[in-house]
Structures are given as structure tokens and as C-alpha cells.
Amino acid sequence: MAQKDDFKPIEDMLAHANPNPNREGCPSPKELEELALRRRDAGDPLYVHVARCSPCYSTIRELQRQRGVTVLVPPKRVWMWWAAAAALLCVVAGAVWYSNHSPGKSIAPIVAQSNVKLPSTILDLRPFATVRSEESPNGSTPLAMSRSRQNVVLVLPVASAEGEYALKVLDSNLVPQLTSAPVAKLTDGVTSISTELDLTRIPSGRYTLALKREPEDWRYFPLQVR
């Protein structure tokens, strides 16, 4: 299990990475207090906003400190993926800057090599209210993925079971554009799927991510491919 000090770099990133100076879409002070004290349902879309808005995240963390609310630290392997991905981006960015600013020299590109296969996308499905029907979900802030071949970590809703799942990416007509059969594993109380998805042949647009584990019903999540 990860310790609070281990998670501090990720907490600092969440507190500064998304400034939102105009406070667009921010919840009211009362709603922020309810989020901080966990009085709202886990599927409330405001949790998604907080993850993408540093001022709201900082406000909630301060309220939690004042009220003595215990912070739930994510599994160690999840935050280590985040940290490794961030470090890799820093190496590449530094190489590009040095290449562009070194006077009188043509510097060969530096390619970061690693034997570790890093996930490029982490999708947390827990804040989303799942839809158990054949209709595509509407009104929710969609998950976001790029049109690329990528490793994806899906953090499944609370109480999701381990085992093999059927995964589909459905278009607006609910026609499968991509299918997969990944396996979910339970670690530190969190069920997640790690799988490789190739979205290079899928046009940008709105889709539906569908998941199913027998004998359960399909569960649907809004997805934006960019």
C-alpha cells in the first residue's frame, strides 16, 4: 500500500497542473464542501471536474485538512505509473529544448529507451454513473483517449470483480469499432484492467466504452477519441 508521503508528488501535480484562472465550471462552495466530506455519490460528475481543476482540488484538500478527513491514497503501482510517465516526458522535453537552443550545433535527437512498458492513459471509471442498457449514456463528461496505439489502465467501478471482461468501443450507432478481452485484477482493494488498445483506425469523435463480465450486464461509459 502506498504511503501519503509517496503520493505527495502526484498531489502537488494535481494542485498546480490545471490552473483554470477563470474558474470555468467550478462547483459552488457548498458543493465543494460536500465533495470534501464525501457526502456526494461516487458517480457525481463533479469529481471529474475536481480532478481537472487545480483550484477546486486545492480547496477540497484544505477543507479536508481542516475537518480531519483521511485522504484515500491510490495503490502504489498506479501512482508509480504516473510518476514514471511524468519523468519520461521530462526527459523528452529536455532533449527537445537542448536541441533547439544549442548554438552552432546540430544535436541528434535523444530517444529515451526503457524496458518498462508504460501505460499512456489511465481512465478512472469510478466517478461515472454506469448505464446498464443498450442505450448510449448521455449528459456525462466523457473519458478521453487519443487516436494512437497505447497501453490503457482502466480503474473499474467499486466492487467490480476480477476475471476476463469483454471490452468494446461503440460508435454512435452502437456498432463495435474495436473489441478486446482483457483480464481485470484486484490490487490493494482496487480492481483494474491493463490492456493495449489501437485507436489509430478510429476517427475522432464521441464513442461509448462498453464493458461486460459474465454473467453481468453490459456497462457503458462515454468516451471522446481525439
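A cut-off of 5 Å between modelled amide H atoms, ignoring neighbours fewer than 5 places along the same chain, links S146 with R226.
Working note: Karplus 6.51/-1.76/1.60 with θ = phi - 60° gives the stretch 45-59 the couplings x, 5, 5, 5, 4, 4, 5, 10, 9, 4, x, 5, 4, 5, 4 Hz, where Gly and Pro are set to x. Charge tally for V169 (other residues, Cβ to Cβ under 12 Å; Lys, Arg +1; Asp, Glu -1): +2. Here the stretch 19-33 and the stretch 175-216 have alpha carbon centers that stand 31 Å from each other. For Q177, the residues whose modelled amide H falls within less than 5 Å of its own, excluding neighbours fewer than 5 places apart on the same chain, are V169, L170, D171. Karplus-derived 3J(HN,Hα) values for the stretch 23-31, using 6.51 cos²θ - 1.76 cosθ + 1.60 with θ = phi - 60°, are 6, 6, x, 6, x, 6, x, 5, 5 Hz; glycine and proline are entered as x.
Cα-based Rg of the stretch 121-225 per 2.2 N^0.38 Å, rounded to two decimals?
That works out to 0.98 for the stretch 121-225.
Bear in mind that the values in this text are calculations on the coordinates, not laboratory data. Since we're looking at a predicted model, the values are computed, not measured. With ideal geometry, Cβ positions are generated from the backbone for all residues, glycine too; neighbour counts draw on all protein chains shown.
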